[in-house]
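Working notes for the structure below.
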Amino acid sequence: QQKVQQSPESLIVPEGAMTSLNCTFSDSASQYFAWYRQHSGKAPKALMSIFSNGEKEEGRFTIHLNKASLHFSLHIRDSQPSDSALYLCAVSMRGAGNKLTFGIGTRVLVRP
Amino acid sequence: EAAVTQSPRNKVTVTGGNVTLSCRQTNSHNYMYWYRQDTGHGLRLIHYSYGAGNLQIGDVPDGYKATRTTQEDFFLLLELASPSQTSLYFCASSDAGLGGLEQYFGPGTRLTVL
């Protein structure tokens, strides 16, 4: 069964700094890698995703995937207090339909 | 943006009670999912479905039944609720195929079993 692990468990960053989050997965047949953000008391919402090795940038957010290392990451440039949330990584395996396996999450607090 | 609604938003029941959680999506998505979210465990998949009448077993199905009555409606049933089922429950939907891997979540139902 796919195992998805996130690090660190929690993070405090000053406003304007870079936030870096990590996710490792266990199955090399994984095909889809995503980050979701969940503000306190709200539903998780997809942030961005990637299928192929490399980087993808959308605004202040960059996702980086290295399939050989079974690792992907999310980097948030110029972090804002509104970025304070629980960040969940999610992975889909080839042949598993549309099923996603989520990590436990990294709680991020951006201090003004 | 995809719309997923859940009801009730909060529910308190007693051990052994019967509970039905409802989910509706209005974007004609093929897939619907039920998750529970607990501190230290993250989001765990209970059951999911890829169409009316279809049901797939998730990762933590024990104690739960589910039924997909229409394209729009997916229900989660707890027939003999236990305190271990106290949790925050999310429903989600997605389209089919690789383009449909993004899931859209409802607002959640907080269930307390006393």
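The values are calculated or read from the model by the stated rules, or taken from the named source; none is laboratory data. Every value quoted in this text rests on a predicted model; they were computed, and no experiment measured them. Note that each Cβ is placed from the backbone with ideal geometry, even for glycine, and that neighbours are counted across all protein chains shown.
Only one of the listed residues (B:92, B:66) is modelled with pLDDT of 95 or more, small (Gly, Ala, Ser) and in contact with a His (Cβ under 8 Å, 6 or more places away or on another chain). That residue is B:66. Checking the structure you have, find out if any residue of the stretch B:58-76 is at the interface with chain A (Cβ under 10 Å from one of its Cβ atoms), in contact (Cβ under 8 Å) with a residue 40 or more places away in the chain, buried (at least 22 other Cβ atoms within 10 Å of the Cβ) and closer than 21 Å to residue B:12 by Cα. No, because not a single residue in the stretch B:58-76 is at the interface with chain A (Cβ under 10 Å from one of its Cβ atoms), in contact (Cβ under 8 Å) with a residue 40 or more places away in the chain, buried (at least 22 other Cβ atoms within 10 Å of the Cβ) and closer than 21 Å to residue B:12 by Cα.
Would you mind finding the one in B:29, B:41 that is within 11 Å of chain A (Cβ to nearest Cβ) and either touching a residue at least 60 places away in the same chain (Cβ under 8 Å) or over 27 Å from residue A:105 (Cβ atoms) (or both)? After applying the criteria, what remains is B:29. Name every residue in the stretch A:30-63 that is away from chain B (no Cβ under 14 Å), in a loop (DSSP other than H, G, I, E, B) and touching a strand residue (DSSP E or B) at 6+ places or on another chain (Cβ under 9 Å), in order of residue number. If the condition is that a residue be away from chain B (no Cβ under 14 Å), in a loop (DSSP other than H, G, I, E, B) and touching a strand residue (DSSP E or B) at 6+ places or on another chain (Cβ under 9 Å), then A:53, A:60 are the ones that fit.
Here's the yes/no breakdown for (1) more than 11 Å from the chain's Cα centre (by Cα); (2) of a type in the set (Asp, Glu); (3) within 24 Å of residue A:1 (Cα to Cα):
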position: B:47; (1), (2), (3): no, no, yes
position: B:51; (1), (2), (3): yes, no, no
position: B:66; (1), (2), (3): no, no, yes
position: B:69; (1), (2), (3): yes, no, no
position: B:72; (1), (2), (3): yes, yes, no
position: B:81; (1), (2), (3): yes, no, no
position: B:85; (1), (2), (3): yes, no, yes
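Among the residues of the stretch A:64-96, the ones that are within 13 Å of chain B (Cβ to nearest Cβ) and surrounded by fewer than 17 Cβ atoms within 10 Å (Cβ to Cβ) come to 3 in all. When restricted to residues that are modelled with pLDDT under 95 and either among the hydrophobic types (A, V, I, L, M, F, W, C) or not in a strand (DSSP E or B) (or both), the stretch B:33-42 contains 3.
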